[in-house]
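Please treat every number below as a calculation from the coordinates, not as lab data. All values reported here derive from a predicted model rather than from experimental measurement. Cβ: placed from backbone, ideal geometry, glycine included. Neighbour counts: every protein chain shown.
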Amino acid sequence: MDVIDNNPTSTPRAPATETDDAMKSRARVQFEKWAGSYDRSLFHHFIFRSSYVALMEEIAKWYAVHQRPFRVLDVGCGTGELAAMLAKSDWPVEAVGMDYVPAMCIAASAKISEGGLGTRARFVAGDSEFLPFADASFDIITCSNSFHHYPHQQAAVHDVRRLLKPEGRYVLIDGFRDNVIGWFVFDVMVSHFEDGVYHAPWSEIDGYFRNAGFTNIHRRKINLWSPLCVTIGDVAAQSTS
Ligand SMILES: C[S@@+](CC[C@H](N)C(=O)[O-])C[C@H]1O[C@@H](n2cnc3c(N)ncnc32)[C@H](O)[C@@H]1O
């Protein structure tokens, strides 16, 4: 696992407040504890797994059009399940997973080494709000079930845009809290257990994407009982960040 310092060229933002720091420390404590058993949890089987399937579907759609070797960054990668699926695929892909919690990156690295897939995926510990990578260095960036932990969501989307190449794609999955089931699951239940998290309405996420300069923004909903919103945005062919 690599540990990279925050990139000083990432999108500028207001200094972190105590509330922001508290939100991040809660996430760190929660996921440090969970890293060892995450893959065996019911959440993983019944909620998160469908996210990886949806991410793979969106990546397949991108590859069907572009047909060239590509790099994927999975932000808030957890135990590296998506990176492992990519590494096992037939696509000419290099996967990088990034997570705030080193224990998650360690679990992810172990999964990849045990599967003998070490050359196709690697993991970096870092903060989604200060992505430690060069401008225009990825073709696809994904993020699933992690975004509600970020104190500055618009800044995080801007930083993703900075990292994407022309014709790149961002696929973001998080709780859909705009119907009654979603409101109950995310605004009531999840917010009770994960104190201080924020599941943005789809219209707000749409705004984040538009403000960051994404085009062809569209979305779909998956999972009936724990609804998730998959939002997709593209970078124009001649675009500079
Ligand atoms: C529920 S898990 C989701 C993992 C995986 N993407 C999935 O769908 O199963 C949320 C992950 O987001 C990570 N996370 C929380 N805040 C983060 C931040 N500011 N930067 C990067 N990762 C963060 C957590 O450490 C955790 O691994």
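Between GLN67 and GLU18, what FRET efficiency comes out of the Förster formula 1/(1 + (r/R0)^6) with R0 = 51 Å and r the beta carbon distance, rounded to 0.05? Present the calculation step by step, with values, prior to reporting the outcome.
Numbers: r = 48 Å, r/R0 = 0.95.
Step by step, r from the Cβ atoms, then E = 0.60.
Find which of THR231, LEU86, HIS45 sits farthest along the positive direction of the dipole of segment 17-234, computed with +1 on the beta-carbon of Lys and Arg, -1 on that of Asp and Glu, about the Cα centre.
The listed residue farthest towards the positive side: LEU86.
Using a 7 Å offset from the Cα along the Cα-to-Cβ direction at both SER25 and SER137, what is the distance between the two label points in nm, to one decimal?
About 3.0 nm separates the two model spin labels.
Two decimals, Cα atoms only, Kirkwood Rh: what is Rg/Rh over segment 91-134? Each step should come with its number before you reach the end.
Details: Rg = 11.0 Å, Rh = 11.0 Å.
With Rg and the Kirkwood Rh in hand, the quotient comes to 1.00.
Within the chain, count lysine pairs with alpha carbon atoms under 23 angstrom apart where the residues are 8 or more positions apart or belong to different chains. Present the calculation step by step, with values, prior to reporting the outcome.
Working: LYS24/LYS33; LYS33/LYS111; LYS61/LYS88; LYS61/LYS165; LYS61/LYS221; LYS88/LYS111.
Step by step, the pairs that qualify in the chain add up to 6.
Any chance you could list the semi-axes, whole Å, largest first, of the equivalent ellipsoid that the Cα gyration tensor gives for the chain, using √(5λ)?
On the way: eigenvalues 109, 90, 75 Å².
Sorted largest first and rounded, they come to 23, 21, 19 Å.
Rounded to the nearest 0.05, what FRET efficiency do ILE181 and ILE217 have when you use their Cβ-Cβ distance and R0 = 22 Å? Don't skip to the end; give the middle numbers.
On the way: r = 24 Å, r/R0 = 1.09.
About 0.35, to the nearest 0.05.
VAL190 versus GLU114, label points 7 Å from Cα toward the beta carbon: distance in nm?
A separation of 2.7 nm, rounded to one decimal place.
Quick one: of the DSSP bridges fully inside the chain, what percent are antiparallel, nearest 5? Mind dumping the intermediate values first?
Details: 13 of 36 bridges.
So the antiparallel bridges amount to about 35 percent of the total.
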